[in-house]
1. Can you compute the charge dipole magnitude of segment 48-163 about its Cα centre, using +1 on each Lys and Arg Cβ and -1 on each Asp and Glu Cβ, nothing else charged? Give it in debye, rounded to the nearest 20.
2. Output ³J(HN,Hα) for segment 210-224: one whole-Hz value per residue in order, computed from phi by the Karplus curve 6.51 cos²θ - 1.76 cosθ + 1.60 with θ = phi - 60°, and x for Gly and Pro.
3. Could you work out the helix-only [θ] at 222 nm for the chain, with each DSSP H run of four or more residues adding -39,500 (n - 2.57) and the total divided by the number of residues, to the nearest 500 deg cm²/dmol?
4. With the Cα gyration tensor of segment 54-144 giving a ≥ b ≥ c as the square roots of its eigenvalues, does the rule (a/c under 1.5 for rounded; else a/b larger than b/c for prolate; else oblate) give rounded, prolate or oblate?
5. Stick to Cα atoms and the Kirkwood definition of Rh, then tell me Rg/Rh for segment 147-223.
6. Skipping prolines and chain starts, which residues have an amide H placed within reach, meaning under 5 Å, of the one on Q127, given they are 5 or more residues away or on another chain?
7. Arrange L32, L86, L23 by Cβ neighbour counts within 10 Å, fewest through most, would you?
8. Where the centre of each part is set by its Cα atoms, how far does segment 10-68 sit from segment 154-224, in angstrom?
Amino acid sequence: MRKISAISELAFTKLKAHDQICLGGGSNVFDLAKKIKEENLPIKLYSPSELTRLNCAEIGLNVQSINEATHFDLAFDGADSVDENLNALKSNGGIHFFEKLAAERASEYILLVPGQKVTKELSPAVQLCIEVAADAAESVLTFCKEKDLQAQIRQGVAVASFARSPLGNYLIDINSKTWKNIDQLNQELLALNGVVSSSYFHNLVTSIITTNKQNKSIEIKKGE
């Protein structure tokens, strides 16, 4: 069995018996789940991710839907890119609507990310993902074209069709040469009719647990 990451080991030290904990996605989050199972810590677990709930069930952990709780003591998640102000892009999973619900319900929303994903500015190698009602997709694509942005509806993997969110909506991936103006762009996109949510997490992250140049796990809190 693969050794549990140092990031997940540090995350585990934040847990207390009888906490209500939300687990998002990513390998470090699943490592944390394995550590919880290994230590038999008496806590209640929830997740916005069907895949996380399935993977946890396979190792003997009972993880409920986030709809079963209105508050979490801590919520842990992964991310694709994080900037120096702890804003994040969480684009690849396509469940950001539910991940934001978890973040809003948590006293602390903590991202578990390797050091290379933490940069001064959000990485342009990571797309901004917009969840949009199918009938509004063409309008969003037109908006992006007028902004000189590359945008496309995400393709499904298992079948020859478009990918769908858990709510049945399309996912539109938007690429830009830089994300310096992502705050304004995100606001404009969210104002479009039919747009449900975006993968840009602004002022939601309270801290990150990552690795420094010496490959030691550290927690960086917002404002530090």
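The numbers here are math on the coordinates, done by the rules we state, and not lab data. This one's a predicted model, so the numbers in the text were calculated from it and none came from an experiment. Cβ sites come from the backbone with ideal geometry, for glycine too, and all protein chains shown count toward neighbours.
1. Dipole magnitude for segment 48-163 comes out near 200 debye.
2. Using θ = phi - 60°, the values come out as 9, 10, 8, 5, 8, 6, 9, 6, 9, 10, 10, 8, 4, x, 7 Hz.
3. Theoretical 222 nm ellipticity from helices: -7500 deg cm²/dmol.
4. The shape class here is oblate.
5. Computed over Cα atoms, the ratio is 1.07.
6. Counting only residues 5 or more places away or on other chains, the set is empty.
7. By the 10 Å Cβ count, ascending, the order reads L86, L32, L23.
8. 22 Å
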